[in-house]
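Peer 1: What follows is a single structure, and I will ask about it in a moment.
The values are calculated or read from the model by the stated rules, or taken from the named source; none is laboratory data. This structure is a prediction, so every number in the text was calculated from the model and none was measured. Every residue, glycine as well, gets a Cβ built from its backbone with ideal geometry; the counts of neighbours run over all protein chains shown. Remember, those area values only see protein heavy atoms, side chains included, never the ligands or the DNA or RNA. Shrake-Rupley method; radii C 1.70, N 1.55, O 1.52, S 1.80 Å.
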Amino acid sequence: MRRSLVAANWKMHGSLTHIQDFVTDFSAVDNVDVVIFPPVVYLQAMASSLPMSIYCGVQDIGTSASGPHTGEVAAEMVFEVGGAWAIVGHSERRIDQSEMDDLVATKAAAAVRGGLHPIICVGESLAEREAGHEIAVVEGQLEAVLDRLDVAQLARGAIAYEPVWAIGTGRTASPQQAQEMHAFIRDKVAHVDEVVASQMRILYGGSVSPDNAAALFAEEDIDGGLVGGASLDAGEFSAIIAIAGVAATAD
Ligand code: PGA
């Protein structure tokens, strides 16, 4: 059985005061893995404020281990200061920084090289879904990763299905829409390695909240969530973790 994983993507939000307030009000449950992704400058402050059982990570990483790459941060550096996970390929980076599938795959490999667990984000835009291309888009994003990464390394991390039209919009994919894509992703990985596919966690992201989490997490192939807006509030985020814990017990 796959353990649930709930991750907080703080994006470019937060402050030292916010972290202090957050850790005071935050609570987790034993049967759910939790990772928090603050802005990279707050990684150590967050890691040292949280219990050891809660992991921290970065929202992006550079591809190299070191070198003349001004402004970049290496996975090895993140690992050294207590980070355990890295998000790669978030749609905001694919859009704002024009990150292409190949670069995302290289970053996933860099995360693994540096000892981190990657969360690899995939997902289609609204126009792509309306044109009926969502499966083809996600398939292309996945193939780039499967071409670059040893499939066993995928089991170390997770894939997050985040339809771009559901991120920060309050418009969640229905549990059926999400399940359909998650099943497709698992099946695609199963063509390469069935064991990895059955062990790999697939998270849903896009306006996850305490109101919709139970229905999403009840789906067979949804193993948790990558939570943006609702993760900034310790109460809401803790509620989502508790819901994941209940869903895992019901499996
Ligand atoms: P959201 O963000 O929960 O605010 O939609 C999710 C994400 O971008 O990872």
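Peer 1: Given R₀ = 35 Å, what would the calculated FRET efficiency be for Asp211 paired with Gln44, taking r from the Cβ atoms and rounding to 0.05?
Peer 2: For R0 = 35 Å, the calculated efficiency reads 0.55.
Peer 1: Give me the accessible area of Val73, 1.4 Å probe, in Å² rounded to the nearest 10.
Peer 2: Only protein atoms counted, so the area is about 50 Å².
Peer 1: Tell me, which longest segment in the chain has none of the GluC sites (Glu not before Pro) that fall in DSSP loops with at most 15 further Cβ atoms within 10 Å?
Peer 2: 73-219
Peer 1: Let me ask you something else. Which FRET efficiency value, to the nearest 0.05, is calculated for Arg113 and Met1 with the Förster distance at 30 angstrom and r the Cβ-Cβ distance?
Peer 2: 0.55
Peer 1: How many nm separate the modelled label positions at Leu16 and Asp30, each set 7 Å beyond the Cα in the direction of the Cβ?
Peer 2: 3.6 nm
Peer 1: What does the extension gain come out to for Ser98 and Glu194, with contour length at 0.36 nm per residue minus their alpha carbon separation?
Peer 2: Stretched fully, the Ser98-Glu194 segment lengthens by 31.3 nm.
Peer 1: A further question on this structure: Ratio of the stretch 86-132's C-alpha Rg to 2.2 N^0.38 Å, to two decimals?
Peer 2: Output field value: 1.27.
Peer 1: Follow-up. How much accessible area per residue does the chain have, counting only protein heavy atoms and a probe of 1.4 Å, in square angstrom?
Peer 2: Counting only protein heavy atoms, the per-residue value for the chain is 44 Å².
Peer 1: Here's a follow-up. Ranked from highest to lowest mean number of other Cβ atoms within 10 Å per residue, what is the order of the peptides 152-160, 37-45?
Peer 2: 152-160, 37-45
Peer 1: Which chymotrypsin sites (Phe, Trp or Tyr not before Pro) from the stretch 46-117 combine a DSSP loop assignment with at most 12 other Cβ atoms within 10 Å?
Peer 2: Here no chymotrypsin sites (Phe, Trp or Tyr not before Pro) fit, given the DSSP loop and packing criteria.
Peer 1: Still on this structure: Measure of size requested: the Rg and Dmax of the stretch 141-251, with Cα atoms as the atom set and Å as the unit; please supply both.
Peer 2: Over the stretch 141-251's Cα set, Rg and Dmax evaluate to 14.0, 40 Å.
Peer 1: To continue, here is another question. Tell me, Kirkwood radius of the chain from alpha-carbon pair distances, in Å?
Peer 2: Taking every pair of different Cα atoms in the chain, averaging 1/r and inverting gives 17.9 Å.
Peer 1: Would you mind telling me the share, in percent, of accessible area of the stretch 4-250 contributed by carbon and sulfur at probe 1.4 angstrom?
Peer 2: 52 percent
Peer 1: Output wanted: per-residue J couplings in Hz (rounded whole) for the stretch 58-71, from phi through Karplus 6.51 cos²θ - 1.76 cosθ + 1.60, θ = phi - 60°, x for Gly and Pro.
Peer 2: The phi angles translate into 10, 7, 6, 9, x, 8, 9, 7, 5, x, x, 10, 3, x Hz.
Peer 1: Once R0 is set to 22 Å, what does the formula 1/(1 + (r/R0)^6) return for the Cβ-Cβ distance between Glu220 and Val246, expressed as a FRET efficiency to the nearest 0.05?
Peer 2: Step by step, r from the Cβ atoms, then E = 0.90.
Peer 1: Label Asp147 and Thr169 with points 7 Å out from Cα along Cα→Cβ: what is the distance between them in nm?
Peer 2: 2.8 nm
Peer 1: With just the Cα atoms defining each centre, how far is the stretch 161-240 from the stretch 62-103? Give it in Å.
Peer 2: If you average the Cα positions of each part, the centres end up 23 Å apart.
Peer 1: Which distance in nm do the two modelled labels at Leu126 and Asp187 give, with both placed 7 Å along the Cα-to-Cβ direction?
Peer 2: Rounded to a tenth, the inter-label distance reads 2.8 nm.
Peer 1: Please list, ordered by chain and number, the residues whose modelled amide H lies under 5 Å from the amide H of Ala86; skip anything fewer than 5 residues away on the same chain.
Peer 2: Val58, His117, Ile119
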